[in-house]
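Student: Mind looking over this structure? Questions follow.
We did not get these values from a lab; they are worked out from the coordinates using the rules stated. Predicted model only: the values in this text are computed from it and were never measured. A quick note on method: Cβ atoms are made from the backbone with ideal geometry, for glycine too, and the neighbour counts reach across all protein chains shown.
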Amino acid sequence: MTQEELAEKLDVSRQAVAKWESGQVYPDISNLIQISNLFNVTVDYLVRDQECMISFEDEEDNDLNKLIDFRLPSEGG
């Protein structure tokens, strides 16, 4: 699909689509919803990247573990 075709379907300018594609600006939430519907994906899929997909199990010393370690001694004593 060309930038022009997508712009037409979303009722935005081709320049807006070009800026989204280049990362200069991001589409607003209403455009994200339209894009997700058009391509049959979730908004979550559109806005997350691989860096956001890190799970807690991948990190031994993460903030959640620090919080648990901090709270456990005070609860037991």
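Student: Any idea how many residues of the range 5-52 are in a loop (DSSP other than H, G, I, E, B), exposed (fewer than 14 other Cβ atoms within 10 Å of the Cβ) and in contact with a helix residue (DSSP H, G or I) (Cβ under 7 Å, 6 or more places away or on another chain)?
Tutor: Count: 4.
Student: What are the residue pairs meeting all of these: first residue in the range 6-26, first residue more than 16 Å from SER36 (Cβ to Cβ), second residue in a helix (DSSP H, G or I) and of a type in the set (Asp, Glu), Cβ atoms under 7 Å, and 6 or more apart or on different chains?
Tutor: Pairs found: ARG14/GLU4.
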